[in-house]
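Since the structure comes first, as structure tokens, the remarks are kept for the end.
Values quoted throughout were computed directly from the atomic coordinates according to the rules given, and no laboratory measurement underlies them. The shown structure was predicted, so the numbers you read here are calculated from the model rather than taken from an experiment. FYI the Cβ positions are ideal-geometry reconstructions off the backbone, even for glycines, and counts take in every protein chain you see.
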Amino acid sequence: MRTPVIAGNWKMNTDAASARDLVAGIGQAMAELNGVEVGVAPPFPYLEMVGRELGNSGIFLAGQDMHWETGGAFTGDVSSAMLLDVGCTHVILGHSERRHGWGETPEQVGKKVVAAKEAGLKPIVCVGETLEERQGDRTKDVLLHQAEAAFAGFSESDLAGLIIAYEPVWAIGTGVVATTAQAGEAHQILRAWLAERFSNSFAESVRIQYGGSVKPDNAAELMAVDGVDGALVGGASLKVEPFVGILRGATSS
Ligand code: 13P
């Protein structure tokens, strides 16, 4: 039985005051929520403050990205050690806004996964196809290429605790959500690949989140899909009410 994991990816949103309110509101709701792991990924400048506010709420703190190098002349980047220093336990890697917005390649994502694991950060690795790739019947190829590049060279023990987020690019921030059949199929493709590449028991242990226009009114249905183990939430994670609604949806499914 995999515990669902739901994380709010705040992207380049919020300000310090609303971040504080958001964390307080989610923290309050945690008392009534059982059987779901919860995390937030604030923008870099707010990580330390949010980490402090999270206190011992049990909510984990994640970076939204990091460089694979441990330090050096990389203007605008942050390292794994810096994320650890401010209290992160997790880091989102390979988000489509990095891949497609900044031209990050599957191989670069792979280097980041290696660096995160070496540093002791738990990566949440995003994979997903564009609309054009889906329409061209290339979803499976794209997912497997991204997975292969991200996890090449690892053994299953190296990857213990891994979280994958299936985020179809066409569903991100669009209000268009994957159908339960589309989500189920993509998750099945990824889990079957994990079983083949590593082992059945490893594949069964990996949590695969769905991300893309998750809202309180579709969360329970998505979480109930076989193989969907939580969600990576963008827009609906920026306010207490919808985010807590999604958390409740995960516990009821
Ligand atoms: P939305 O929930 O806003 O579609 O964003 C999803 C996402 O990109 C989470 O990482």
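Tabulated data for the structure shown
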| item | result |
| --- | --- |
| Label-reachable residues, the stretch 123-149, where backbone N falls under 17 Å from a point 7 Å from residue 107's Cα toward its Cβ | 145-149 |
| Simple label model, 7 Å out from Cα along Cβ direction - residue 179 to residue 21, nm | 3.9 nm |
| Full-extension gain in nm, residue 2 to residue 73, via 0.36 nm per residue minus C-alpha separation | 21.5 nm |
| The stretch 146-253: relative contact order in percent, alpha carbon pairs under 8 Å with at least 6 residues between | 28 percent |
| The stretch 175-227-the stretch 117-163 distance, computed between alpha-carbon centres (Å) | 13 Å |
| Protection proxy ranking of 3-9, 169-175 - average other beta-carbon atoms within 10 Å, highest first | 3-9, 169-175 |
| Percent RCO, i.e. relative contact order, over the chain, from Cα pairs under 8 Å lying at least 6 residues apart | 21 percent |
| Unsatisfied cross-links (Cα-Cα over 24 Å) in the set 112/215; 112/239; 11/215; 140/239 | 112/215; 112/239; 140/239 |
| Relative intensity, log₁₀ I(q)/I(0), of the chain from a Debye sum that treats every alpha carbon as a point, q = 0.10, 0.13 Å⁻¹ | -0.43, -0.76 |
| Sites residue 137 and residue 160 - FRET efficiency at Förster radius 30 Å, r taken between beta-carbons, to 0.05 | 0.30 |
| Hits among aspartates and glutamates - C-alpha to C-alpha of residue 117 under 14 Å, sequence gap 8 or more where chains match | 65, 69, 156, 158 |
| Tensor-based shape of the stretch 67-206 (alpha-carbon gyration tensor, a/c under 1.5 rounded, otherwise prolate or oblate) | oblate |
| Paramagnetic reach from residue 148 (point 7 Å along Cα→Cβ, amide N under 17 Å) across the stretch 88-112 | 105-111 |
| Percentage, to the nearest whole number, of Cα pairs in the stretch 1-150 over 28 Å apart | 24 percent |
